[in-house]
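Laboratory data are not the source of any read-out in this text; all were calculated from the coordinates shown. No experiment lies behind these values; they were computed from the predicted model shown. FYI the Cβ positions are ideal-geometry reconstructions off the backbone, even for glycines, and counts take in every protein chain you see.
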């Protein structure tokens with residue numbers, strides 16, 4: 001997600017999105033242990049999205 005997209009959203013929506021991203025990381029870690037992961041780039045993107053969301057939430 002882009003910073004512009006995130007900065008226009010409401011605080012409640014950002015918190016919801018943050019929870020979804022964290023859940024995605026948990027699922028990814030669970031799948032990686034079982035060997036069912038093929039898209040490793042998604043983990044990096046989710047982590048960066050979490051950092052962006054937290055930065056915007058701290059500014060608000």
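Placing dummy labels 7 Å off each Cα toward the beta-carbon, the span from residue 12 to residue 42 is 2.9 nm.
Below 8 Å, C-alpha to C-alpha, sequence gap of six or more: please give me the relative contact order for the chain in percent. Please report the intermediate quantities before stating the final value.
Numbers: 27 pairs, mean separation 31.5, N = 60.
Relative contact order of the chain: 52 percent.
Pairs of Cα atoms in the chain fall into 5 Å distance bins, from 0 up to the last occupied one, in shares of 4, 19, 28, 20, 13, 9, 6, 2 percent.
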